[in-house]
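Asker: First, the structure itself, so that you have it in front of you.
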Amino acid sequence: MAAPVMETCHIACSTNRTPKVVSWSRGGILAFGTCNSVALYDPQERKIVDLLNGHTSRVNAVKWIHREDCAPESHLVSGASDNQIIVWEAQNGKFIQTVQCKGHTSPVCAVDGIYVEDSKILVASSASDSTVRLWLCNRAKEAECLHTLSFGSCFMMDVSLALLPGSRVPILACGGDDSRVHLYVQSSGQLQKAMQLQGHEDWVRGVAWASLGGELLLASCSQDCLIRVWRLCAKSGTDAHAGDDHTIIKMKEDVFEVKDKDVSSVFAVALETVLAGHENWVYGVHWQPPFYKGGKLQQPLSLLSASMDKTMILWAPEEGSGVWVEQVRVGEVGGNTLGFYGCQMSPDGSMIVAHAFHGALHLWCKDQDEEGEWRPGVVISGHFNEVQDLSWDPEGEFILSVGSDQTTRLFTPWKKQDSKQATWHEITRPQIHGYDMQCLAMVGRFQFVSGADEKVLRVFQAPRNFVENFANISGTSKEKLLTSSDSDNLPEGASTPALGLSNKAVFQGDLTPKNTGEKDQFSSVSDQYQESYFHPLIMTEPPPEDHLLQNTLWPEVQKLYGHGFEMFCLASDSTRTVVASACKASKAEHAAILLWSTATWRQLQSLSCHSLTVTQMAFSPDARLLLAVSRDRTWSLWRRDLPTLGGPDLFQVKLPWWEGLPKLTPETAKHCAD
């Protein structure tokens, strides 16, 4: 009999919480850093196609090395907190590690790369050791550090490489915390400083080059909430802007000279425009990728920006006047999350994506039916910190997980109508807590118990809106999920009050605004806080991040008190009638296992045996035995003593009882099993 073949069905992950960690390839693959790995995500298939493992610490920066012919990329560069840069190369459909660049003494925060002569790769990297380094990677898969730029007490937040117009001379742009953009060129084999571009009044967070044939455009964004676009062109006897009929005011030009193979060229840099529209720090800028049309390479004049004000703006010059204006603005409204760290645009310009402080990807797609309209798209999601526990639901249709990012998330397969293959997605976030989550146990079809870094266990029940949306997305019949009695008693959803940790149920009556007859008058102080942030929506596809944060909470139905320290592990039996819990402990009195009835949520018994934290528990399939392991280097086995059939009174008194077999040795454990 052939051995079963296992393959990856789904990988749930999020981006790292750094600005330069996402890059979109011309081949349509989105690369982003997640923990110590680089994930390759296909937005069309909606799944992770590969994980690149090579770094030993958090990946902080990822960048595709774009080809001049706009073909799909074959190289990817990444930088991490292990102070290293890795160049990945596509071989036989897989990306493998080919070059390692070692030299930085602190975490790498930004990288970029271009192809130079003889198919060599020039890589620029910036790190928190206040240096920027240029590396040359050759065909022998060796890396040589060509130049090291030291900025003293300043840090360069971003780097961008390009080739000067009409030459193969690289030009490097660095944006730093000195509010300036530094330009460097390779002249006579040496990296020389060309000039400093001044104008920003706060840290420069991002820089990006775009090639317009005989000119270069450089976009820089800053914490002063502004974006500046600079034009670089070759200087000749005629004015570089003489052909621009719309030019009214001639901007001041800065000139620098470059010598390449005994040929001297002069280039001029002038401020093209200042874009003001964001209301908070601008963290990222990205030019729409170039494309071939009619056999000619064209670079669209379209610039995407992302800000901490939770918006992305698409900028472009107006026809006729040439004035840069805001074309499209998308983003999130409300919530208690921070804004966007960076942005990217798809090769055809039909999709834009931003990544946020909490690791979520925010995708918008251009509506083909309504021109100029953008709508949120379905994208992958996952925990942005350690996943601590997970559990299947009793029917095996979805997975619940908890993590140190203080959230509980539910994942289930979704099969789109025009797709033959189902993909897994997060469809609800039942719990968004104020403590790191540690453990989880399912106790019903749509009910679970969770424990966090607090002394309380919390029980959650799915609301009606989730059950309806789960049926729509998973293709399950609503009648199968709900009985008429259940439907009548379920709340519509849940919301969390300000400064609260408990999800409060929201019923149908709570969604109807109350008219007291007197404007701005309340019958009691508590009425001031009756407004619910929950708004029921009927979903036929996985919800976007803003909906997950606001409208998918489950109401909390019970709190379980009894432990003296932070919760550590949970377990439920196969009959879903008993839940066992344990907390952190340094003494025997706190290391006891507590048993709870899922019918009444009362404590049944305290099982004392261990002297340190019980780290894991498991019930036997027949629910008759409970096994526990502890940090005191012992394990214990507990047997359930079923009640006799002596009568209802005896049954009520003798709730399911447990008889301990403390500190069994392997020999006695084997004897007991026999």
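The values are calculated or read from the model by the stated rules, or taken from the named source; none is laboratory data. As the structure is a prediction and not an experimental result, all values here were calculated from the model. Cβ placement follows ideal geometry from the backbone for every residue including glycine, while neighbour counts extend to all protein chains displayed.
Asker: If we scan the stretch 147-165, do we find a residue that is in contact with a Cys (Cβ under 6 Å, 6 or more places away or on another chain), within 20 Å of residue 67 (Cα to Cα), crowded, with 23+ Cβ neighbours inside 10 Å and outside the structural domain of residue 61 (by TED's automatic domain parsing)? Walk me through it before giving the result.
Answerer: In the first step, residues of the stretch 147-165 are kept if they are in contact with a Cys (Cβ under 6 Å, 6 or more places away or on another chain); the result is 156, 159.
Okay, now just the ones that are also within 20 Å of residue 67 (Cα to Cα), so 159.
Remaining after also requiring crowded, with 23+ Cβ neighbours inside 10 Å: 159.
Now drop any that are not outside the structural domain of residue 61 (by TED's automatic domain parsing), which leaves 159.
Taking every residue of the stretch 147-165 in turn, at least one turns out to be in contact with a Cys (Cβ under 6 Å, 6 or more places away or on another chain), within 20 Å of residue 67 (Cα to Cα), crowded, with 23+ Cβ neighbours inside 10 Å and outside the structural domain of residue 61 (by TED's automatic domain parsing).
Asker: For residue 45, state whether it is acidic (Asp, Glu), over 25 Å from residue 212 (Cα atoms) and at pLDDT below 95.
Answerer: On the way: acidic (Asp, Glu): yes; over 25 Å from residue 212 (Cα atoms): yes; at pLDDT below 95: yes.
Taking the combined requirement at face value, the residue satisfies it.
Asker: Tell me yes or no: at least one residue of the stretch 291-302 is at negative phi, of a type in the set (A, V, I, L, M) and surrounded by 18 or more Cβ atoms within 10 Å (Cβ to Cβ).
Answerer: Taking the stretch 291-302 first, the residues at negative phi are 291-293, 296-302.
Those left that are additionally of a type in the set (A, V, I, L, M): 297, 301.
Now drop any that are not surrounded by 18 or more Cβ atoms within 10 Å (Cβ to Cβ), which leaves none.
No: zero hits.
Asker: Quick one: count up the residues across the stretch 400-446 that are under 22 Å from residue 572 (Cα atoms), touching a residue at least 24 places away in the same chain (Cβ under 8 Å) and assigned to a strand (DSSP E or B).
Answerer: Matching residues across the stretch 400-446 total 20.
Asker: Shifting gears a bit: Could you please tell me which pairs satisfy a Cβ distance under 8 Å, a separation of 6+ or placement on different chains, a first residue in the stretch 80-105 that is touching a residue at least 24 places away in the same chain (Cβ under 8 Å) and under 25 Å from residue 128 (Cα atoms), and a second residue that is hydroxyl-bearing (Ser, Thr, Tyr) and crowded, with 22+ Cβ neighbours inside 10 Å?
Answerer: Pairs that qualify, where the first residue is touching a residue at least 24 places away in the same chain (Cβ under 8 Å) and under 25 Å from residue 128 (Cα atoms) and the partner is hydroxyl-bearing (Ser, Thr, Tyr) and crowded, with 22+ Cβ neighbours inside 10 Å, are 85/78; 85/125; 86/78; 88/78; 101/125; 104/125.
Asker: All but one of (1) of a type outside the set (D, E, K, R); (2) at pLDDT 95 or above; (3) on the phi > 0 side of the Ramachandran plot hold for residue 152, so report the exception by its number.
Answerer: (2)
Asker: Restricting the search to the stretch 557-575, which residues are under 19 Å from residue 616 (Cβ atoms) and either part of a loop (DSSP other than H, G, I, E, B) or touching a Pro at 6+ places or on another chain (Cβ under 6 Å) (or both)? Lay out the reasoning, then the answer.
Answerer: Applying the first criterion (under 19 Å from residue 616 (Cβ atoms)) to the stretch 557-575 yields 563, 565-574.
If the condition is that a residue be under 19 Å from residue 616 (Cβ atoms) and either part of a loop (DSSP other than H, G, I, E, B) or touching a Pro at 6+ places or on another chain (Cβ under 6 Å) (or both), then 563, 565, 566, 573, 574 are the ones that fit.
Asker: If you don't mind, another one. On the given criteria, is residue 31 farther than 30 Å from residue 398 by Cα and not polar (S, T, N, Q)? Don't jump to the end; show me each part of the working.
Answerer: Numbers: farther than 30 Å from residue 398 by Cα: no; not polar (S, T, N, Q): yes.
The answer is no for residue 31.
Asker: Another question, if that's okay. Given the structure, is residue 330 outside any loop (DSSP other than H, G, I, E, B), within 26 Å of residue 386 (Cα to Cα) and either among the polar types (S, T, N, Q) or out of contact with any Pro (no Cβ under 7 Å at 6 or more places or on another chain) (or both)?
Answerer: Values: outside any loop (DSSP other than H, G, I, E, B): yes; within 26 Å of residue 386 (Cα to Cα): no; either among the polar types (S, T, N, Q) or out of contact with any Pro (no Cβ under 7 Å at 6 or more places or on another chain) (or both): yes.
In short, no.
Asker: Could you list, in sequence order, the residues of the stretch 471-497 that are part of a loop (DSSP other than H, G, I, E, B) and at pLDDT 70 or above?
Answerer: Step one: filter the stretch 471-497 for residues part of a loop (DSSP other than H, G, I, E, B), giving 475-477, 482-483, 490-492, 496-497.
If the condition is that a residue be part of a loop (DSSP other than H, G, I, E, B) and at pLDDT 70 or above, then 475, 476, 477, 490, 491, 492, 496, 497 are the ones that fit.
Asker: For the stretch 214-228, name all the residues that are touching a residue at least 60 places away in the same chain (Cβ under 8 Å) and either on the phi > 0 side of the Ramachandran plot or not in a strand (DSSP E or B) (or both).
Answerer: If we filter the stretch 214-228 for residues that are touching a residue at least 60 places away in the same chain (Cβ under 8 Å), which is where we start, we get 217, 219-222, 225, 227.
225 - this is the single residue of the stretch 214-228 that is touching a residue at least 60 places away in the same chain (Cβ under 8 Å) and either on the phi > 0 side of the Ramachandran plot or not in a strand (DSSP E or B) (or both).
Asker: Can you tell me how many residues within the stretch 177-226 are buried (at least 24 other Cβ atoms within 10 Å of the Cβ) and farther than 22 Å from residue 252 by Cβ?
Answerer: The number of residues fulfilling the criteria is 2.
Asker: Hey, another quick one. So residue 622 clears everything in (1) over 30 Å from residue 340 (Cα atoms); (2) surrounded by 19 or more Cβ atoms within 10 Å (Cβ to Cβ) except one condition, right? Which one?
Answerer: (2)
Every residue, every condition in (1) at pLDDT 95 or above; (2) in the same structural domain as residue 453 (by TED's automatic domain parsing); (3) assigned to a loop (DSSP other than H, G, I, E, B), yes or no:
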{"position": "612", "(1), (2), (3)": "yes, no, yes"}
{"position": "644", "(1), (2), (3)": "no, no, yes"}
{"position": "649", "(1), (2), (3)": "no, no, no"}
{"position": "652", "(1), (2), (3)": "no, no, no"}
{"position": "658", "(1), (2), (3)": "no, no, no"}
{"position": "669", "(1), (2), (3)": "no, no, no"}
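Asker: Can you pull out every residue in the stretch 336-391 that is hydroxyl-bearing (Ser, Thr, Tyr), without any contact (Cβ under 8 Å) to a residue 60 or more places away in the chain and over 24 Å from residue 210 (Cβ atoms)?
Answerer: Our first condition is that a residue be hydroxyl-bearing (Ser, Thr, Tyr); within the stretch 336-391, this holds for 337, 341, 346, 350, 381, 391.
From the residues that got through so far, the ones that are without any contact (Cβ under 8 Å) to a residue 60 or more places away in the chain too are 350, 391.
Across the stretch 336-391, the qualifying residue is only 391.
Asker: Can you spot a residue in the stretch 176-186 that is under 29 Å from residue 226 (Cβ atoms) and small (Gly, Ala, Ser)? Walk me through it before giving the result.
Answerer: Restricting attention to the stretch 176-186, the residues satisfying the condition of being under 29 Å from residue 226 (Cβ atoms) are 176-185.
Pick out the ones that are also small (Gly, Ala, Ser) and you get 176, 179.
For the stretch 176-186, residues under 29 Å from residue 226 (Cβ atoms) and small (Gly, Ala, Ser): present.
Asker: If you go through the stretch 333-376 one residue at a time, how many are in contact with a helix residue (DSSP H, G or I) (Cβ under 9 Å, 6 or more places away or on another chain) and either in a loop (DSSP other than H, G, I, E, B) or assigned by TED's automatic domain parsing to the domain that holds residue 404 (or both)?
Answerer: The qualifying residues number 7.
Asker: Out of all the residues in the stretch 403-429, which are closer than 17 Å to residue 460 by Cβ, touching a helix residue (DSSP H, G or I) at 6+ places or on another chain (Cβ under 8 Å) and of a type outside the set (S, T, N, Q)? Can you show your working first?
Answerer: Start the filter on the stretch 403-429 by keeping residues that are closer than 17 Å to residue 460 by Cβ, which leaves 403, 406-412, 426-429.
If we keep only those that are touching a helix residue (DSSP H, G or I) at 6+ places or on another chain (Cβ under 8 Å) as well, we get 412, 426-429.
Passing the criteria: 426, 427, 429.
Asker: Which of the strands (runs of 3 or more DSSP E) found entirely inside the stretch 67-169 contain at least 1 residues meeting this: within 30 Å of the chain's Cα centre (by Cα)? Break it down stepwise before answering.
Answerer: Working: elements: 75-80, 84-91, 94-102, 108-115, 121-127, 131-137, 143-150, 156-163.
The qualifying strands (runs of 3 or more DSSP E) are 75-80, 84-91, 94-102, 108-115, 121-127, 131-137, 156-163.
Asker: Right, another one. Considering (1) closer than 25 Å to residue 287 by Cα; (2) touching a Ser or Thr at 6+ places or on another chain (Cβ under 9 Å); (3) buried (at least 17 other Cβ atoms within 10 Å of the Cβ), say which one residue 405 fails and leave the rest.
Answerer: So residue 405 meets the others, but not (1).
Asker: Starting from residues that are among the small types (Gly, Ala, Ser) and out of contact with any Leu (no Cβ under 8 Å at 6 or more places or on another chain), keep the ones in the stretch 548-598 and report whichever is surrounded by the most Cβ atoms within 10 Å (Cβ to Cβ).
Answerer: Ranking the candidates gives 572 first.
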